[in-house]
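Single-structure report; data block below.
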Amino acid sequence: MSAPITQDVLTIPRKLPETGKLNLVGLTRDALRDVLIEAGTPEKQAKMRVNQIWQWIYQWGVRDFSSMTNLAKPYRAMLEEKFSIEIPEIVSRNVSADGTRKYLVRIAGGHEVEVVYIPETDRGTLCISSQVGCTLTCSFCHTGTQKLVRNLTAGEIIGQVMLARDDLGEWPEPGQGTGENGPRLLSNIVLMGMGEPLYNFDNVRDAMKIAMDGEGISLSRRRITLSTSGVVPEIAKTAEEIGCLLAVSFHATTDEVRNKLVPINKRWNIEELLGALRDYPRLSNSERITFEYVMLKDVNDSDEDARRLVKLIRGIPAKINLIPFNEWPGSPYERSDWERIERFADIVHKAGYASPIRTPRGEDIMAACGQLKSATERARKSRKDIEAEAGLG
Ligand code: SAH
Ligand code: SF4
């Protein structure tokens with residue numbers, strides 16, 4: 001791609017010096033209430049203080065207690081002394097020719113994750129990460145070549161939304177509701193960045209509760225999609241405890257092929273996965289499960305695959321999202337030809353399912369699906385490990 005790409009290294013000093021203070025970002029309502037009471041807040045007032053502090057932090061993007069003007073001055077001083085409001089730091093930002101922004105974000109310990117903002121005409125989607133690296137080794141995924149370094153905390157997960165709003169300049173004036181001035185720039189969240197969100201369930205849940213709370217980021221649960229490679233025992237919990245929309249990295253129509261592409265299939269196979277999806281309690285025709293299907297040339301893209309796919313998912317309200325494979329340095333697959341992808345989409349569509357082909361966004365800055373991997377992380381799985389796990393060797 002020849003259009004200009006910009007990269008600017010931002011050194012926004014938004015992190016407080018290491019103070020040893022407790023960071024309030026990412027605490028659940030109950031946890032915040034408890035620490036406020038412990039700090040001397042009368043129990044009767046605690047609920048109201050939680051509401052007020054949440055609004056300042058999550059609705060209006062305020063990072064210093066002294067600006068919280070509806071709290072008494074001595075109370076603000078107490079908060080200042082004991083607590084902090086910290087989010088991860090943007091190290092660099094790349095802007096693609098198509099407007100996609102990729103942020104490299106530094107979290108405590110010096111680790112890095114990537115966050116991608118994708119503007120569209122009717123929405124703006126933020127793709128956030130849940131882990132540094134991934135324990136799984138899907139053979140077509142760049143993140144899968146990076147060893148897991150650690151789970152992100154709830155504060156680091158919701159902090160990605162906050163730093164994107166900082167960068168987009170999208171915090172309303174105090175007192176105003178979010179979205180009162182028209183559609184939001186950041187209107188949707190997808191947990192499709194680095195990591196397997198269901199292997200970091202509690203932190204993902206706590207962060208998404210803040211995202212959905214009316215006094216938090218205030219996004220509808222229908223604007224949040226969690227993508228899993230198929231951690232079957234956690235799927236029902238996702239419906240019960242988070243209630244967001246679900247996407248599943250399906251990618252193959254036989255266990256033999258899925259074992260190679262998505263090795264977690266050896267633990268929970270296609271049949272078990274489909275069983276869990278059939279039971280996903282929130283299913284209705286308006287709330288479909290998204291089946292993600294990466295199009296790999298001569299691997300999973302035949303007419304037969306398309307027909308098997310529609311047969312397998314029969315009875316599940318579903319949409320099939322076809323993702324043309326995004327290459328990365330050393331990737332072992334090729335993207336299916338465009339005609340093949342269209343033919344596949346056509347078969348799925350004729351069987352009655354929406355089958356959009358996901359246009360790759362931000363490819364020129366390596367921001368497309370499955371291309372994320374922090375360049376500075378040195379911990380790599382060996383090629384042998386990956387090939388052995390995927391049965392490619
Ligand atoms: N770990 C979760 C979420 C992150 S991946 C999961 O696997 O679902 C988000 C989506 O991008 C998944 O469907 C994943 O399979 C897909 N993906 C990974 N690598 C890709 C690549 N190189 N090209 C296209 N899609 C890819
Ligand atoms: Fe992990 Fe998802 Fe990549 Fe698989 S596709 S390695 S689960 S991030």
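The values are calculated or read from the model by the stated rules, or taken from the named source; none is laboratory data. Remember, it's a predicted structure, so these values are computed and weren't measured experimentally. A quick note on method: Cβ atoms are made from the backbone with ideal geometry, for glycine too, and the neighbour counts reach across all protein chains shown.
Scanning region 278-304 for residues that are out of contact with any helix residue (DSSP H, G or I) (no Cβ under 7 Å at 6 or more places or on another chain), at pLDDT 95 or above and more than 16 Å from ligand 2 (Cβ to nearest atom) turns up Lys297, Asp298, Ser302, Glu304. Against the numbered list (1) aliphatic (A, V, I, L, M); (2) away from ligand 2 (no atom under 16 Å from the Cβ); (3) at pLDDT 90 or above, Leu322 comes up short only at (2). Within region 244-255, residues that are over 22 Å from Gly193 (Cβ atoms) and within 13 Å of ligand 1 (Cβ to nearest atom) sit with their Cβ atoms under 6 Å from residues that are of a type in the set (A, V, I, L, M, F, W, C) and not in a strand (DSSP E or B), at 6+ positions apart or across chains, in these pairs: Ala252/Leu261. Close contacts from region 295-320, counting a first residue that is assigned by TED's automatic domain parsing to the domain that holds Ser336 and surrounded by fewer than 21 Cβ atoms within 10 Å (Cβ to Cβ) and a second that is part of a loop (DSSP other than H, G, I, E, B) and among the basic types (Lys, Arg), with Cβ to Cβ under 9 Å and a gap of 6+ residues or different chains, come to Ile316/Arg288; Pro317/Arg288; Lys319/Arg288. Screening region 152-178 for residues that are touching an Asp or Glu at 6+ places or on another chain (Cβ under 9 Å) and in a helix (DSSP H, G or I) and picking the one that is nearest to Ile217 (Cα to Cα) gives Ile158. With respect to the conditions (1) away from ligand 2 (no atom under 16 Å from the Cβ); (2) assigned to a loop (DSSP other than H, G, I, E, B); (3) crowded, with 20+ Cβ neighbours inside 10 Å, Ala211 falls short on a single one, namely (2).
Going by what's in this entry, would Ala252 be described as part of a loop (DSSP other than H, G, I, E, B), touching a strand residue (DSSP E or B) at 6+ places or on another chain (Cβ under 9 Å), at pLDDT 95 or above and within 16 Å of ligand 2 (Cβ to nearest atom)? Judged against the criteria, Ala252 is a match.
Within region 225-239, not a single residue is away from ligand 1 (no atom under 16 Å from the Cβ) and either within 27 Å of Trp56 (Cβ to Cβ) or surrounded by 23 or more Cβ atoms within 10 Å (Cβ to Cβ) (or both). Scanning region 297-315 for residues that are in a helix (DSSP H, G or I) and of a type in the set (Gly, Ala, Ser) yields one hit, Ala306.
For Glu327, the conditions (1) within 28 Å of Pro360 (Cβ to Cβ); (2) away from ligand 2 (no atom under 16 Å from the Cβ); (3) acidic (Asp, Glu) all hold with the exception of (2). For Glu86, are the conditions met, namely being modelled with pLDDT of 95 or more and over 25 Å from the mean Cα position of the chain (by Cα)? When the stated conditions are applied, Glu86 does not pass them.
Could you please give the count of residues in region 179-189 that are in contact (Cβ under 8 Å) with a residue 24 or more places away in the chain and surrounded by fewer than 21 Cβ atoms within 10 Å (Cβ to Cβ)? Qualifying residue count, region 179-189: 6. If only residues of region 127-153 that are surrounded by fewer than 23 Cβ atoms within 10 Å (Cβ to Cβ), out of contact with any Cys (no Cβ under 9 Å at 6 or more places or on another chain) and of a type outside the set (S, T, N, Q) are counted, the one that is modelled with the highest pLDDT is Leu136.
For Glu240, the conditions (1) charged (D, E, K, R); (2) assigned to a loop (DSSP other than H, G, I, E, B); (3) within 24 Å of Ile270 (Cβ to Cβ) all hold with the exception of (2). Within region 231-244, one or more residues are within 12 Å of ligand 2 (Cβ to nearest atom) and of a type outside the set (Phe, Trp, Tyr).
A quick yes/no check of all residues on (1) at pLDDT below 95; (2) over 27 Å from Asp301 (Cα atoms):
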{"site": "Ile224", "(1), (2)": "no, yes"}
{"site": "Lys237", "(1), (2)": "yes, yes"}
{"site": "Gly243", "(1), (2)": "yes, yes"}
{"site": "Val262", "(1), (2)": "no, no"}
